[in-house]
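**Q** What follows is a single structure, and I will ask about it in a moment.
The values are calculated or read from the model by the stated rules, or taken from the named source; none is laboratory data. Keep in mind that what you see is a predicted model, and the values were worked out from it rather than measured. Cβ: placed from backbone, ideal geometry, glycine included. Neighbour counts: every protein chain shown.
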Amino acid sequence: MNTRPDRGHELIPRPEQTPDALRAALAVVDPGRLEEMQRTKDEAFAKAVEWQSLSPVRSWTLAWARDIEIARRPDLSARHARARGNLDHEDPAVARQALRELSAVLDEAVRAVTVRA
């Protein structure tokens with residue numbers, strides 16, 4: 001029996017966590033963010049040199065793998081959009097629920113991209 005949650009249709013396969021693979025995936029699922037990706041990559045690599053640490057590059061990779069995971073899965077993408085749309089809701093209870101849902105979506109996406117085979 002498969003115990004994984006039903007993810008439904010995935011737009012593209014999960015990419016490898018390399019800059020080139022992440023960029024190629026983003027070009028398919030959310031091309032409007034390519035410039036942002038390049039800018040944040042440049043910042044991460046500059047910090048890596050300055051700090052003499054790969055930590056900024058690892059953080060950049062994880063953040064973009066997470067965002068691509070959300071964009072490539074319509075189920076997560078819809079939940080993410082709904083939650084973000086309600087963050088500034090006039091009803092504080094709706095806004096709090098939206099924040100919880102957004103956190104759950106981000107957590108699910110991070111878990112999906114950090115699972116070790």
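**Q** Considering every residue within segment 44-58, establish whether at least one is within 19 Å of THR114 (Cβ to Cβ), among the small types (Gly, Ala, Ser) and out of contact with any Phe, Trp or Tyr (no Cβ under 6 Å at 6 or more places or on another chain).
**A** yes
**Q** Name every residue in segment 72-115 that is of a type in the set (Asp, Glu) and farther than 26 Å from ARG14 by Cβ, in order of residue number.
**A** ASP88, GLU90, ASP91
**Q** Looking at segment 73-110 only, could you name the residues that are in contact with a Leu (Cβ under 8 Å, 6 or more places away or on another chain) and assigned to a helix (DSSP H, G or I)?
**A** Scanning segment 73-110 gives PRO74, HIS80, ALA83, ARG84, ALA95, ALA98, LEU99, LEU102, VAL105, GLU108, ALA109, VAL110.
**Q** Only one of VAL28, VAL49 is surrounded by 13 or more Cβ atoms within 10 Å (Cβ to Cβ) and more than 22 Å from ARG111 (Cβ to Cβ); which?
**A** Just a single option satisfies the conditions, and that option is VAL28.
**Q** I would also like to ask the following. Determine which single condition SER59 fails, assuming it passes every other condition in (1) of a type in the set (Ser, Thr, Tyr); (2) under 11 Å from the mean Cα position of the chain (by Cα); (3) more than 29 Å from HIS9 (Cβ to Cβ).
**A** Only one criterion in (1) of a type in the set (Ser, Thr, Tyr); (2) under 11 Å from the mean Cα position of the chain (by Cα); (3) more than 29 Å from HIS9 (Cβ to Cβ) is unmet by SER59, namely (2).
**Q** Okay, next question. Among the residues that make up segment 9-18, is at least one of them surrounded by 16 or more Cβ atoms within 10 Å (Cβ to Cβ) and not small (Gly, Ala, Ser)?
**A** yes
**Q** Just to be sure before I move on: is LEU54 of a type in the set (A, V, I, L, M, F, W, C) and buried (at least 19 other Cβ atoms within 10 Å of the Cβ) in the structure I sent?
**A** no
**Q** List the residue pairs whose Cβ atoms are under 7 Å apart, where the first residue sits in segment 34-51 and is on the phi < 0 side of the Ramachandran plot, the second is of a type in the set (Gly, Ala, Ser) and assigned to a helix (DSSP H, G or I), and the two are 6 or more positions apart or on different chains.
**A** Final answer for the pair search is LEU34/ALA27; ALA44/SER59.
**Q** Another question about this same structure. Taking HIS89, is it at pLDDT 95 or above and crowded, with 19+ Cβ neighbours inside 10 Å?
**A** In short, no.
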